[in-house]
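Asks: Here you go, one structure.
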Amino acid sequence: MRTHNLSQKVYTLLNEAKLDLEHKSFNKAASAAYFAARMALEDFLAFLKTPIPRRDDKLVHVLVNLGHVDAAQILEELYILRKKADYDRSEVTQRDAERALSLATQFVSSVESFHTKW
């Protein structure tokens, strides 16, 4: 379901994360969940006409500066899971992937609500 100014790709990535989780592709699920959240934030920043930082840590700081500390913490945790999925030798567990999907879904909902406040 598309709402506000978020691109359809945000919801596609969330759905892909869910499907990856169902197929036990936990690394892919965590990565897709992170990118759904990141894209939702990028869409929101574009809506605000705010420059979009390329670096992930800078995106977290933008959220903090906008007063969305809880959302910043979620994005940071998703980023950590994404790094584990894409770079660590250890595997993302089912529990990690479930958490990533839950956090990303929560994050996207939060970003949707930001639109109603701006």
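The values are calculated or read from the model by the stated rules, or taken from the named source; none is laboratory data. As the structure is a prediction and not an experimental result, all values here were calculated from the model. All Cβ positions, even for glycine, are placed from backbone atoms using ideal geometry, and neighbour counts span all protein chains on display.
Asks: Please state which of the following conditions HIS4 fails to meet, knowing it meets all the rest: (1) closer than 11 Å to GLU98 by Cα; (2) at pLDDT below 95.
Replies: (1)
Asks: Let me ask something additional. Is there a residue being part of a loop (DSSP other than H, G, I, E, B), out of contact with any Ser or Thr (no Cβ under 6 Å at 6 or more places or on another chain) and either in contact (Cβ under 8 Å) with a residue 12 or more places away in the chain or under 19 Å from TYR87 (Cβ atoms) (or both) anywhere in the stretch 9-23?
Replies: Checking the stretch 9-23: not a single residue is part of a loop (DSSP other than H, G, I, E, B), out of contact with any Ser or Thr (no Cβ under 6 Å at 6 or more places or on another chain) and either in contact (Cβ under 8 Å) with a residue 12 or more places away in the chain or under 19 Å from TYR87 (Cβ atoms) (or both).
Asks: Turning to a different aspect of this structure: With crowded, with 16+ Cβ neighbours inside 10 Å, over 23 Å from PHE26 (Cα atoms) and touching a helix residue (DSSP H, G or I) at 6+ places or on another chain (Cβ under 9 Å) as the only criterion, which of LEU78, LEU66 stands out?
Replies: LEU66
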